[in-house]
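> Handing you this structure, nothing more for now.
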Amino acid sequence: MKLAIVGYGTWATTMAAALGRKYERVRDVRIAWWISPESRFEGQRLLDVVVRTGENRKRLPGVPIPSNVHASGDLAEVAADANVLIWITPAAYTKALLLKLAPIADRALVLHGIKGFDPDASDLKTMSMMFGADGGVDESRIGVLSGPNIAPEIAGNFTPEPQRRWAPVAAVVASATETAARQLAELVEIDGVIRAYTTRDVRGVELCGILKHIYAIAAGVCDGMGMPHSTKASLKSRSIAEMKRILCWFRSEMPEFGSVCDETLDSPAGLGDLDVSCMTGRNHTLGRSLAQGMPTAEVNEKVLRGMVAEGIHVVRRLCDCLRDSGLRTPILSEVHQMVWEGKPADQAIGSVLHSRRPAGPCSFSLE
């Protein structure tokens, strides 16, 4: 069996370290890892640094990559004859890479961990939809990896002593068929580290992973402003209610999302991912920086430094899509104004917490 990992960020690097360790002594499993030959680190090609040092010192310094993981800058070579492609790249760059390989071999499974929309599509197209339309991959061969998985924390399981930190996590693998979901879950599951659950709700898992970016930014703003726990909890409860409304709108208004299940929001791929993203991660960091008065462009340049906060693009796509829907989404609206229009954070958070639903029958509602 050949596994091909496409991507060289923190999550892709974590998967390279984890799968390399899992299959280190399994002779009939080969692991190839694509790193862009254009990526640089301290004046050198990142690929050369990884090959020479056995670490991705740009994204996860101190995390060793096992010698059975073979890094290459040749995408076609990495993907050739692969039984499974594990695709973890920023949404904005995925299609260009995919088109270099399309159509992907009929026997290959594709497992992606990308929480964003196709940036080139006129409508809202998730990554599994893009792999199908542009990569020629049948939906029965596409899987989604999601959950409350912060890459540097998981990577801590694979660092040498005494830096090693045990961090067991739950993950979710979704696929249209139970067979593919189980096969891919068994692939990424690691005893004592990653417990992978399965579901067939591909669209629901993708939407939850995309929507949580919005509310992670808002939570980061709360933390950046030094708001108390009760304020952040109030915001988070409103965020969950808003997520539910948006998921219901997708299910009722867009036929391709008609199979989205309510239960997915309650899973590790839903509230689990939302919870951890409201505490840490790139979108949370973006929110904290916005609260300190930094514009989005400056956060990208000076704080994120090349890492992609998918929420920046997600919030604009969703606002454009829902603008005339009549759906009440005050948090989405205020986050959009902070990220894209420079609205001061204190005004935006104040507007969210004091916004009221239109007058109507008296009943408990977080609308």
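> Full-extension gain between Val26 and Gln163, please, as 0.36 nm times their residue separation minus the C-alpha to C-alpha distance.
46.7 nm
> How charged is the neighbourhood of Gly156? Take every other residue with its Cβ under 11 Å from the Cβ of Gly156, and add Lys/Arg as +1 and Asp/Glu as -1.
So the surrounding residues net to +1.
> Using the Karplus curve 6.51 cos²θ - 1.76 cosθ + 1.60 with θ = phi - 60°, work out ³J(HN,Hα) for each residue of the range 271-284 in order, rounded to whole Hz, and write x for Gly and Pro.
3J(HN,Hα) across the range 271-284, in whole Hz: 5, x, 5, 4, 4, 5, 5, 7, 10, 7, x, 5, 5, 4.
> Another one. So who's got an amide H within less than 5 Å of the one on Arg40, skipping anything under 5 residues away but keeping other chains? H placed 1.01 Å off N, in plane.
The answer is Leu46.
> Using modelled backbone amide H atoms (1.01 Å from N, in-plane), which distant-in-sequence or interchain residues come within less than 5 Å of Ile31's amide H?
The answer is Leu3, His70.
> Determine the calculated [θ] at 222 nm for the chain from helices alone, applying -39500 (n - 2.57) to every DSSP H run no shorter than 4 residues and normalising by the residue count; nearest 500 deg cm²/dmol.
Mean residue ellipticity at 222 nm (helix-derived): -13000 deg cm²/dmol.
> When the accessible area of the chain is computed with all protein chains present and a 1.4 Å probe, what percentage of it is carbon and sulfur?
So the carbon and sulfur contribution to the accessible surface is 50 percent.
> Take the chain, connect every pair of alpha-carbon atoms lying under 10 Å apart with a spring to form a Gaussian network, then pick out the residue of Leu99, Leu207, Leu318 with the largest mean-square fluctuation.
Per the Cα network of the chain with a 10 Å cutoff, Leu99 tops the list.
> Could you state the angle between the C-alpha long axis of helix 345-354 and the longest principal axis of the C-alpha atoms of the chain, as a value from 0 to 90 degrees rounded to the nearest 10?
Roughly 60 degrees between the two axes.
> Now, a different point. Work through the residues other than Ser333 whose Cβ is under 11 Å from its Cβ and net out their charges, Lys, Arg +1 and Asp, Glu -1. List each step's numbers first, then the result.
Working: positive: Arg323, Arg328, Lys343; negative: Glu242, Glu334, Glu341.
Net of charged neighbours comes to 0.
> Also, quick follow-up: Using amide H atoms built 1.01 Å from N in the peptide plane, name the residues 5+ places from Thr198, or on other chains, whose amide H lies under 5 Å from its own.
HN-HN under 5 Å from Thr198: Val173.
> What is the packing order of peptides 253-261, 11-19, taking the mean over residues of other C-beta atoms within 10 Å and listing the highest first?
Numbers: 253-261: 14.4, 11-19: 25.1.
Packing proxy ranking, top to bottom: 11-19, 253-261.
> If you roll a 1.4 Å probe over the heavy atoms of the protein chains, what accessible area per residue do you get for the range 247-295, in Å²? Provide the component values of the computation, followed by the final result.
Values: 2140 Å² over 49 residues.
That works out to 44 Å² per residue.
> A further question follows. Ordered by packing density, taken as the mean number of other Cβ atoms within 10 Å over each peptide's residues, highest first, how do 59-67, 265-273 rank?
Numbers: 59-67: 18.0, 265-273: 22.6.
Order by mean packing, descending: 265-273, 59-67.
> Give the residue from Ser267, Ala309, Ala241 lying farthest towards the positive end of the charge dipole for the chain; charges sit on Cβ (+1 for Lys and Arg, -1 for Asp and Glu) and the dipole is referred to the Cα centre.
Ala309
> Where Lys and Arg each count +1 and Asp and Glu each count -1, what net charge lies around Val137 among other residues with Cβ under 12 Å from its Cβ? Walk me through the numbers before you get to the answer.
Values: positive: Arg107, Arg141; negative: Asp106, Asp134, Asp138, Glu139.
Around Val137, the charge tally is -2.
> Sticking with this one: When you count, for each residue, the other Cβ atoms within 10 Å and take the mean per peptide, how do 345-353, 101-109 rank with the highest first?
With the highest mean Cβ count within 10 Å placed first, the list reads 345-353, 101-109.
> Let me ask another. Per residue of the range 235-241, in order, report the coupling 6.51 cos²θ - 1.76 cosθ + 1.60 (Karplus, θ = phi - 60°) as ³J(HN,Hα) in whole Hz, putting x for Gly and Pro.
So the J values, rounded to whole Hz, are 4, 5, 5, 5, 5, 4, 4.
> To continue, here is another question. To the nearest Å, what is the center-to-center distance of the range 52-99 and the range 148-211, using C-alpha atoms only?
When both Cα centres are located, 18 Å separates them.
> Nothing charged except the Cβ atoms of Lys and Arg (+1) and of Asp and Glu (-1): what's the magnitude of the dipole of the range 238-288 about its Cα centre? Round to the nearest 20 debye. If you can, show how the numbers build up before the last one.
Numbers: 6 positive and 8 negative charges, 63 e Å.
Value, rounded to 20: 300 debye.
The values are calculated or read from the model by the stated rules, or taken from the named source; none is laboratory data. Since this is a predicted model, take the numbers as computed values, not measurements. Quick reminder, even Gly has a Cβ in these numbers, built from the backbone with ideal geometry, and neighbours come from all protein chains shown. For the accessible areas, the whole protein counts, side chains as well, though only heavy atoms, and no ligand, DNA or RNA atoms are used. Shrake-Rupley method; radii C 1.70, N 1.55, O 1.52, S 1.80 Å.
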